[in-house]
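Notes to accompany the following structure.
The values are calculated or read from the model by the stated rules, or taken from the named source; none is laboratory data. Keep in mind it's a predicted model, so treat the numbers as computed, not measured. Heads up, the Cβs are rebuilt from the backbone with ideal geometry, glycines too, and the neighbour counts pull from every protein chain shown. Ligands, DNA and RNA are excluded from the accessible area calculation, which covers all protein heavy atoms including side chains. Shrake-Rupley method; radii C 1.70, N 1.55, O 1.52, S 1.80 Å.
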Amino acid sequence: MFEDFANVWTPVALAADLRADRPLAVRVAGTPLVLLRDREGKPSALLDRCPHRGVALSLGRVKDGCLECPFHGWQIEASGQVCHVPWNPDAKLSTLRGVAFPARELAGQIWVYTAPVDRPATEPEAHEALLSPGVRISGFQIEWATHWTRAMENMLDWPHLPFVHRRTIGKSMAGRSNARMDIAWEERPWGARTHVRIDGKPEAGSLDFRWPNQMNLHIPIPNKRLMMLVACVPIDGQRTRMLMTMARDFLTSPLFDFFFHRMNARIAGEDRAIVESSFPVEIPPAGEERSVRTDAPTLIFRKRYFAELKGTSSGMEEEPSGRRALPMARGPLPEAGGFTAG
């Protein structure tokens, strides 16, 4: 499960899309998941396969915080434990369970840890501004026909702004490409903050990279806060779910969401066709493409991806008897701190 994307926290859906009365199907790195809210309204994530006959649980319904399989009516709690088997009052429920994954609701998004563990070593983190009172968070999602690593590198790339986004967020840089761009990379425990200077003069705004697949763009507006957040969520090796979120402390009525979503969609649309044309679909090792000094942020990301995610997966250990034992994560765990180029 979660090939090349194991043992990390990732947003997988918008919190507003997960209702209390119905399950929500999502696919992450080739692994089908079903999301639901438990009796207390907290999000949960299960493998979208019934432990009985392997059908999609997402085709079932939620009853009192439990997920009912559409095939034989087995009821599964948010923890994965089977709590009811129709026609079998003598069933040994303690031996029957689905596969559960840690899930959290944070900053208007549903997050899942990509390994079936009871207690992950870390918790998801979001920018403190997203947790402040008075901040309106809203979003939407679109699908790109590319590997998530290509989408993520695009989100970290400053030099493309005046060419791809000359009419939107790159307007201030247009016509200045003969100047020298210097990109500062400031490590943080969650990844890095980047900002640029052109001919020694700082450009307004900054961009945060949050490991492994998130970008937070701080858009400069005097005395106001406006942030564009993008999570590049792998669906499979050819498709990426782009969770596009806007956070603002002005015009906070939901009536204004459409305006901000339209702006975000326009910017994403400017990127989409170009990124989808990348070959190969997945980023190759750095030595297989030509790079220059201003590629430093994407090269740092590339180095960490191949060191910590590429080749990872998570699965279920087998007992000698052939029965499924406790779930075990495979592959290296992400480091707790930042990372450096070298």
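Brief remarks on what is shown
- Every helix of 4 or more DSSP H residues in the chain counts as -39500 (n - 2.57), and over all residues that averages to -4000 deg cm²/dmol at 222 nm.
- Here the range 128-260 is assigned +1 on the Cβ of each Lys and Arg and -1 on the Cβ of each Asp and Glu. Its dipole about the Cα centre then comes out at about 360 debye.
- Long-range Cα-Cα pairs in the range 99-155 (distance over 19 Å), rounded percent: 53 percent
- Share of carbon and sulfur in the accessible area of the chain stands at 53%, probe radius 1.4 Å.
- Size of charge dipole - the chain - debye, nearest 20, with Cβ of Lys, Arg +1 and Asp, Glu -1, no other charges: 740 debye
- Tail fraction, Cα-Cα pairs, the chain, threshold 27 Å, whole percent: 49 percent
- Taking the alpha carbon gyration tensor of the range 151-253, multiplying each eigenvalue by 5 and rooting it gives semi-axes of 23, 18, 15 Å, largest first.
- Global form of the range 23-74, assessed from the alpha-carbon gyration tensor, a/c cut-off 1.5: oblate
- Heavy-atom accessible area per residue - the range 240-310, 1.4 Å, Å²: 52 Å²
- Average accessible surface area per residue within the range 29-89, 1.4 Å rolling probe, Å²: 46 Å²
- Along principal axes, Cα extents of the range 1-141, largest first, whole Å: 52, 31, 25
- For the chain, with +1 on Lys and Arg beta carbons and -1 on Asp and Glu, the positive-most of Pro89, Val275, Phe306 along the dipole: Val275
- Ordering Phe258, Gly191, Ala103 by Cα displacement along the dipole of the chain toward the positive end leaves Phe258 in first place; charges were set at the Cβ atoms of Lys, Arg (+1) and Asp, Glu (-1).
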